[in-house]
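Novice: Got a structure for you, written out below as structure tokens; questions coming shortly.
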Amino acid sequence: MVAEANGRAEFRGALIGAGFFACNHMQAWRDLAPEGARIVGVCDLDAGRAQAMAEEFGAQAFTDPAEMLDAIRPDFVDIATTPPSHRALVELCAPRVGLVICQKPIADTLEDARAMVAACEASGAAFLIHENFRWQRPFMRMLDLLPSIGTPRFGRFSFRHGWDVYAGQPYLATAPRLAIMDIGVHLFDLARLFLGDAVAVTCETQKRNPRVAGEDAFTALTRHAGGGVCMTDASFHTTLRPEPFPQTLAVLEGDEGTLELREDYRLLIHDAQGRREEDVEPEVPAWGEKPWHVVQDSVRNFERHVLGVLRGEAAPQPSGADNLKTLALCLAAYDSAEQGRRVQP
Ligand SMILES: NC(=O)c1ccc[n+]([C@@H]2O[C@H](COP(=O)([O-])OP(=O)(O)OC[C@H]3O[C@@H](n4cnc5c(N)ncnc54)[C@H](O)[C@@H]3O)[C@@H](O)[C@H]2O)c1
């Protein structure tokens, strides 16, 4: 269906879920309008939110997703709601559009996630997960450099901060599963991107902030199919000055070199010749601001990639089918932490 769209000048999209994060989606789509993507409909169960966002971005407002699909017949749908609604929305959209995007985490359970992938496969719709960490500029650069360090043997991806994420996303404070489902999905996606599929995970979770229901810190160790091992850790209750949020720090050791992403977007490249440093800080979009720019720029990079998929020029990164393995790894990490043992995802 997407390949048939090859050669089209403009693709018309619809956004479902006009909440906290969706403004980044909409700003980035607006930047991409000259390249051929336009959001023409915005839907939210909350009429005020739908109306406000539709007005700001020159789209039509709806409160019923099915009604919106009938009225505007979009080429693609961008789902920016929280996981409980993902399955029903993907199943609604898959038969009616050529491409479906769903925010991370894909779903709370593998059963729901598999049903979503199956719905898109059955209708022929392309299915992407809005997994934007791999589209952050520092990680795009590290992926370019990966062949230069030889086979990756060890990785570390770390996201530790004390930023009040609960102010903008109050539902995070009451979520029974927090750090792994919210940030672990991103870090495990990176671990799989750089080291290949994970074959085993060992994980410890912690509740550090007494105001928060779920685990707000975790430390995981994964073994990967190629023989590499990786540490991933995140904390939402860490005091660091200056506050590093929302930077992810990383180390990737290969047989012939090491890539080290330090604070302030300093990428160190260690190899037989010595050590050199690159500045991999992303630009601040015209509508963006620090410290969010790394996220905002990654949303636009991801959406530009979606446009490539719509044109038939690129394969989904990551696809829903690929993302099943990341969700399985997250759920295995919870099993490991609860049962105190190494688990195969
Ligand atoms: N990739 C990232 O960097 C990143 C960052 C923040 C949030 N997120 C993800 O984005 C998603 C949304 O997060 P948020 O903080 O914006 O949530 P939010 O609660 O602020 O917004 C969600 C919106 O969806 C609407 N909604 C829910 N069900 C709906 C339905 N069936 N039809 C129409 N509208 C519906 C709600 O009314 C709400 O306005 C989450 O899955 C979250 O994990 C991703």
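The values are calculated or read from the model by the stated rules, or taken from the named source; none is laboratory data. Given the structure is predicted, the values throughout are model-derived calculations rather than measurements. Every residue, glycine as well, gets a Cβ built from its backbone with ideal geometry; the counts of neighbours run over all protein chains shown.
Novice: Suppose we filter segment 64-73 for residues that are surrounded by 15 or more Cβ atoms within 10 Å (Cβ to Cβ) and touching a helix residue (DSSP H, G or I) at 6+ places or on another chain (Cβ under 8 Å); how many remain?
Specialist: 2
Novice: Could you check segment 155-245 for helices (runs of 4 or more DSSP H) lying wholly inside it with 1 or more residues that are loosely packed, with under 15 Cβ neighbours inside 10 Å?
Specialist: Working: elements: 165-168, 171-174, 185-195.
Filter on segment 155-245 gives 165-168, 171-174.
Novice: When you check Phe76 against the structure, is it touching a strand residue (DSSP E or B) at 6+ places or on another chain (Cβ under 8 Å) and away from the ligand (no atom under 14 Å from the Cβ), yes or no?
Specialist: On the way: touching a strand residue (DSSP E or B) at 6+ places or on another chain (Cβ under 8 Å): yes; away from the ligand (no atom under 14 Å from the Cβ): yes.
So Phe76 fits the description; yes.
Novice: Quick check on segment 134-164: of everything there that is within 15 Å of the ligand (Cβ to nearest atom) and in contact with a Leu (Cβ under 6 Å, 6 or more places away or on another chain), which residue is farthest from Leu307 (Cα to Cα)? Talk me through it step by step, then tell me what you get.
Specialist: Just the residues of segment 134-164 that are within 15 Å of the ligand (Cβ to nearest atom), to begin with: 134-139, 157, 159, 161, 163-164.
Add one more test, that the residue is in contact with a Leu (Cβ under 6 Å, 6 or more places away or on another chain), and what stays is 134, 138, 157.
Working: Arg134: 17, Pro138: 21, Phe157: 28 Å.
That would be Phe157.
Novice: While we're here: Taking segment 270-291, which residues are closer than 25 Å to His161 by Cα and either in contact (Cβ under 8 Å) with a residue 40 or more places away in the chain or in a loop (DSSP other than H, G, I, E, B) (or both)? So that I can check it myself, show each step before the final result.
Specialist: Step one: list which residues in segment 270-291 are closer than 25 Å to His161 by Cα, which gives 277-285, 287-291.
Across segment 270-291, the qualifying residues are Glu278, Val280, Glu281, Pro282, Glu283, Val284, Pro285, Trp287, Gly288, Glu289, Lys290, Pro291.
Novice: Here's something else I'd like to know. For Arg208, indicate whether it is touching a strand residue (DSSP E or B) at 6+ places or on another chain (Cβ under 8 Å), among the charged types (D, E, K, R) and closer than 30 Å to Asp279 by Cβ.
Specialist: Numbers: touching a strand residue (DSSP E or B) at 6+ places or on another chain (Cβ under 8 Å): yes; among the charged types (D, E, K, R): yes; closer than 30 Å to Asp279 by Cβ: no.
Here the answer is no, as Arg208 does not meet what is asked.
Novice: Continuing with this model, one more query. Check off (1) among the aliphatic types (A, V, I, L, M); (2) assigned to a loop (DSSP other than H, G, I, E, B); (3) closer than 28 Å to Thr326 by Cα for Ala113 and give me the number that stays unchecked.
Specialist: (2)
Novice: Just to be sure before I move on: is Ala5 at pLDDT below 95, hydrophobic (A, V, I, L, M, F, W, C) and away from the ligand (no atom under 12 Å from the Cβ) in the structure I sent? Before the answer, list the steps.
Specialist: Details: at pLDDT below 95: yes; hydrophobic (A, V, I, L, M, F, W, C): yes; away from the ligand (no atom under 12 Å from the Cβ): yes.
Yes.
Novice: Let me ask something else about it. I'm trying to understand the selection: among the residues of segment 35-52, which are more than 11 Å from the ligand (Cβ to nearest atom) and hydrophobic (A, V, I, L, M, F, W, C)?
Specialist: To start, the set of residues in segment 35-52 that are more than 11 Å from the ligand (Cβ to nearest atom) comprises 35-41, 51.
Scanning segment 35-52 gives Ala37, Ile39, Val40.
Novice: Do you know which of the residues in segment 89-100 that are among the hydrophobic types (A, V, I, L, M, F, W, C), more than 7 Å from the ligand (Cβ to nearest atom) and in a helix (DSSP H, G or I) is nearest to Ala113 (Cα to Cα)?
Specialist: Within segment 89-100, the first condition is being among the hydrophobic types (A, V, I, L, M, F, W, C), and the residues that meet it are 89-90, 92-94, 97, 99-100.
When the remaining residues are screened for being more than 7 Å from the ligand (Cβ to nearest atom), the result is 90, 92-94, 97, 99-100.
Subset that is in a helix (DSSP H, G or I): 90, 92-93.
Values: Val90: 10, Leu92: 14, Cys93: 15 Å.
Among those that are among the hydrophobic types (A, V, I, L, M, F, W, C), more than 7 Å from the ligand (Cβ to nearest atom) and in a helix (DSSP H, G or I), it is Val90.
Novice: Continuing with this model, one more query. Residue pairs, Cβ under 6 Å, 6 or more apart or interchain, first in segment 319-345 and among the polar types (S, T, N, Q), second part of a loop (DSSP other than H, G, I, E, B) and at pLDDT 95 or above. List them.
Specialist: Close Cβ pairs (under 6 Å, with a partner that is part of a loop (DSSP other than H, G, I, E, B) and at pLDDT 95 or above) amount to Asn323/Ile106.
Novice: Take segment 19-62 and flag every residue that is assigned to a helix (DSSP H, G or I), without any contact (Cβ under 8 Å) to a residue 60 or more places away in the chain and among the aliphatic types (A, V, I, L, M).
Specialist: If the condition is that a residue be assigned to a helix (DSSP H, G or I), without any contact (Cβ under 8 Å) to a residue 60 or more places away in the chain and among the aliphatic types (A, V, I, L, M), then Ala22, Met26, Ala33, Ala47, Ala50, Ala52, Met53, Ala54 are the ones that fit.
Novice: Restricted to segment 112-140, and to residues that are more than 17 Å from the chain's Cα centre (by Cα) and charged (D, E, K, R), which residue is nearest to Ala88 (Cα to Cα)?
Specialist: Going through the qualifying residues, I end up with Asp112.
Novice: Of everything in segment 270-292, what is buried (at least 19 other Cβ atoms within 10 Å of the Cβ) and more than 30 Å from Gly150 (Cβ to Cβ)? Give them in sequence order.
Specialist: Gly288, the sole residue that qualifies.
Novice: (1) crowded, with 18+ Cβ neighbours inside 10 Å; (2) of a type in the set (Ser, Thr, Tyr); (3) over 25 Å from the mean Cα position of the chain (by Cα): which one isn't true of Thr81, the others all being true?
Specialist: That leaves (3) as the condition not met.
Novice: Looking only at segment 295-307, which residues are near the ligand (Cβ under 10 Å from one of its atoms) and either part of a loop (DSSP other than H, G, I, E, B) or within 13 Å of Phe139 (Cα to Cα) (or both)? Steps first, answer last, please.
Specialist: Just the residues of segment 295-307 that are near the ligand (Cβ under 10 Å from one of its atoms), to begin with: 295-296, 298-299, 302.
Of everything in segment 295-307, those that are near the ligand (Cβ under 10 Å from one of its atoms) and either part of a loop (DSSP other than H, G, I, E, B) or within 13 Å of Phe139 (Cα to Cα) (or both) turn out to be Val295, Ser298, Phe302.
Novice: Sticking with this one: Working only within segment 250-269, note down all residues that are within 30 Å of Trp29 (Cβ to Cβ) and surrounded by 17 or more Cβ atoms within 10 Å (Cβ to Cβ). Walk me through how you get there before you give the answer.
Specialist: Start the filter on segment 250-269 by keeping residues that are within 30 Å of Trp29 (Cβ to Cβ), which leaves 250, 261, 264-265, 267.
Once the filter is applied, which keeps residues that are within 30 Å of Trp29 (Cβ to Cβ) and surrounded by 17 or more Cβ atoms within 10 Å (Cβ to Cβ), segment 250-269 yields Ala250, Leu261, Tyr265, Leu267.
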